[in-house]
Each structure stands twice: as C-alpha cells, then as structure tokens.
C-alpha cells in the first residue's frame, strides 16, 4: 500500500503515465465511495471504507452519519492508504527504470503525441524488473506496517 502523495509525486514528474496512474487511482476510489453511498455494494459500508483507506484517521460513530453526506472531494484528502495495482506500469513511468528495463515501440497517431507500447518481448531485462518490483513491494509493505507517530 502507498499513500496518495506517492501518486501525486509520480504525476508531478510530468510523465503522462504518472498522471494516468494518479487519475486511475482517484477515479477508482471515487467510484467505490459513490457505490457504497448509493448502496450498490452489499457488504461494503462507510466503516469498511474508512478502515481500508484511512486506517490512521479516527472516525467516531457520529461522524459516520455526517460523512455519509460527504462528497468524494471531502473524503479524498483524508485517504492515507491506496493499493499499488500496476507496478510494471509504474516502472515504465520512471525514465531511468524505463530505459534500463524496456525497449518500447513508438506508435505515431495523427493529432496525438507519440505513444510508447511495451509488449511482452519488449522487456529487455525481466529479471531486473522482477527484482525492482519485489524491492518496491517490500518497501511499500514495510511502510504500511510502521506505526503512526
């Protein structure tokens, strides 16, 4: 698990994949929050959402009713924990790692910038990619188990 600031940081790099990863995380969490608020997700409620994505934030029972009326934009700044679903895409957004691990094919489309595609045969050092993803996962797990101050 990582914090939203992690995604803000990679988006701040200016790389389009960094922006994409941040936007996908926020959009997915917004959809989940709105689904819970609409009662569309049996077994999931506000308490579950708060425990899962805001474990360090103390939420009182009285606040739950108040938060029921909160928009996602009110909730988002309080989120402290997000899942890192696509570490390989993350590696592709880091210029140093991308050059080391991938040999992407440039795809030119009229009216758009160049898009780079990385297929299964375009990972030049799969063992290094696995090692780096493993290190990232261990680091994220270590950070998620650190007790808050």
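The values are calculated or read from the model by the stated rules, or taken from the named source; none is laboratory data. Because the structure is predicted, anything quoted here is derived from the model rather than measured. In this analysis, Cβ positions are derived from the backbone assuming ideal geometry, glycine residues included, and neighbour counts consider all displayed protein chains.
Observations
- Qualifying residues in segment 90-101 (those that are assigned to a helix (DSSP H, G or I) and surrounded by 15 or more Cβ atoms within 10 Å (Cβ to Cβ)) - the one farthest from the chain's Cα centre (by Cα): 101
- Whichever residue in segment 21-31 is free of Cβ contacts under 8 Å to residues at least 40 places away in the same chain and either closer than 17 Å to residue 91 by Cα or in contact with a helix residue (DSSP H, G or I) (Cβ under 7 Å, 6 or more places away or on another chain) (or both) and, among such residues, is surrounded by the fewest Cβ atoms within 10 Å (Cβ to Cβ): 23
- If you check 132, 141 for being at pLDDT below 75 and not in a loop (DSSP other than H, G, I, E, B), only one passes: 141.
- Residues satisfying the stated conditions in segment 5-20, i.e. assigned to a helix (DSSP H, G or I) and surrounded by 16 or more Cβ atoms within 10 Å (Cβ to Cβ): 6, 7, 10, 11, 17, 18, 19
- Of the residues making up segment 51-82, those that are surrounded by fewer than 15 Cβ atoms within 10 Å (Cβ to Cβ) and either at pLDDT below 70 or not assigned by TED's automatic domain parsing to the domain that holds residue 36 (or both) are 58, 60, 61, 62, 63, 64, 65, 66, 68, 69.
- For segment 102-129, the set of residues classified as assigned to a helix (DSSP H, G or I) and surrounded by 11 or more Cβ atoms within 10 Å (Cβ to Cβ) consists of 122, 128, 129, listed by residue number.
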